[in-house]
Structure formats: C-alpha cells, structure tokens
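This report refers to the structure that appears directly beneath it.
The values are calculated or read from the model by the stated rules, or taken from the named source; none is laboratory data. Since this is a predicted model, take the numbers as computed values, not measurements. So basically every Cβ, Gly included, is an ideal-geometry build from the backbone, and we count neighbours across all protein chains shown.
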Amino acid sequence: MSDNTKQFRWIVVVQQNLDWLFTDDPNVFVAGDLLWYPVEGDNKTRIGPDVLVALGRPKGDRGSYKQWQEGNIAPQVLFEILSPSNTKPEMTRKREFYDRFGVEEYYEYDPDTDRLQGWQRVNRGLAAIVPIENWVSPRLGIRFDLSGAELQIYRPDGQPFLSYAETSEQVTRAWAELEQAQTELAQERQRADRLAAQLRSLGIDPEQL
C-alpha cells in the first residue's frame, strides 16, 4: 500500500497509463498492489510490487497473481515507487526476489529525489541499466525522460503519461475546441447560403459558378 499521496499518484499514473497503452491487447495483464505468488504450494514466498505487467496473460480481475495458474509466466516488467519509509535493505531484498524469479525489467523511482533506477535481465540475472536517461523499455516500448523537474514517461507514439486530472483537462479542452469549430462551420454555412440566395435574386445560379 502507498505511504503518501505522491507515491499513490505515481502508482496510479504508471498503472493506468500502462493499462491504457495495452487496452486493445486482451493478453496483457496490468495490475497495481497485487500479491504475486511464484511457487505453487508456498504461500509465504510472495511479494506485492507497486505495478506489474504480465504479457501473454489475459485481462481480468484477480485476487492475486498465482504464477502456476498463469501458464507459469512470471510478470515480465515491475515498478516500485519509493516512499520515505522504504529502506535500502528492503529494496535490495525486493530486487533479489525479482531477480530470482525471472523478472525481465524492473524500474524503481523515488519521486522525492526524482531518481530513477532500472535493471534488465542479461543472460541469467538483472543488470543495472546505465544510462537510464531516455531508456526505452524493450518489453513496453515506453521511454523515460529525466530532463525536467520530475520523471516523464512517454508512450511509443510520443504521447506523455498523464494523470486522470490531466487527461480530463485535455478531453474538456478538445470538446470545447470541437464545439467552437462546429459553431464556426455552421456560421460559414449560413453565410454561404445568404450569398447564394443573393446571387439567385440577381438571376445568377450559384451552382453554375
């Protein structure tokens, strides 16, 4: 569970935008704060990453991600959003868990310090991604930009990850612009009709012009 509003906001932004990114693919499962059990019959070996992505697994509700019920497919990509309560030993243990159970990409972001770290599976283990600036996820196709005041993540089409409020604002603005364009188009049509009527009154057929 998140410890503060900033951490929660980032978890939601990452989870929701990844869900939107793969909305048309029925075989990509994205979840937030969901327990992952990698070993059948072992309910103590478990972990709850902030965001997980399992490619090749169907969408749908789950109480947890039980790997043996998911074609024995481990989540390929995981995200952790740090809070002040997270300790270095704790995060090291998490990374070791992810390494041990086959995660392919792991990203760790601290919104308080704007520090992003990433690891990618090389051969049989997770290796640090250096440099991480402008890194493009091989599995997701998203790009990480650290050039601004805080991390910005971009979709493969170049569009930025947005919060719900930012998305709502864009939708509201687009509707307003559409209504304005429709109003202007209607006014132009009325003007054209008046000019056509004026030409007809002068004995000129505007269709012949």
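Below is a table of values for the structure above.
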| quantity | calculated |
| --- | --- |
| Test result for Thr113, over 16 Å from Leu35 (Cα atoms), of a type in the set (Val, Ile, Thr) and in a loop (DSSP other than H, G, I, E, B) | yes |
| Subset of the range 171-191 [of a type outside the set (A, V, I, L, M) and modelled with pLDDT under 75] | Thr172, Arg173, Trp175, Glu177 |
| Scope the range 13-25; condition charged (D, E, K, R) and in a loop (DSSP other than H, G, I, E, B); matching residues | Asp24, Asp25 |
| Answer residue from the range 55-71, given it is surrounded by 17 or more Cβ atoms within 10 Å (Cβ to Cβ) and more than 18 Å from the chain's Cα centre (by Cα) and is farthest from Asp3 (Cα to Cα) among those | Glu70 |
| In the range 72-94, the residues that are over 22 Å from Val14 (Cα atoms) and either within 22 Å of the chain's Cα centre (by Cα) or surrounded by 11 or more Cβ atoms within 10 Å (Cβ to Cβ) (or both) | Arg93 |
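Residue-wise test of (1) out of contact with any Leu (no Cβ under 7 Å at 6 or more places or on another chain); (2) assigned by TED's automatic domain parsing to the domain that holds Trp36; (3) not small (Gly, Ala, Ser).
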site	(1), (2), (3)
Trp68	yes, yes, yes
Ile81	yes, yes, yes
Glu108	no, yes, yes
Asp114	no, yes, yes
Ala127	yes, yes, no
Ile132	no, yes, yes
Trp135	yes, yes, yes
Arg139	no, yes, yes
Phe144	no, yes, yes
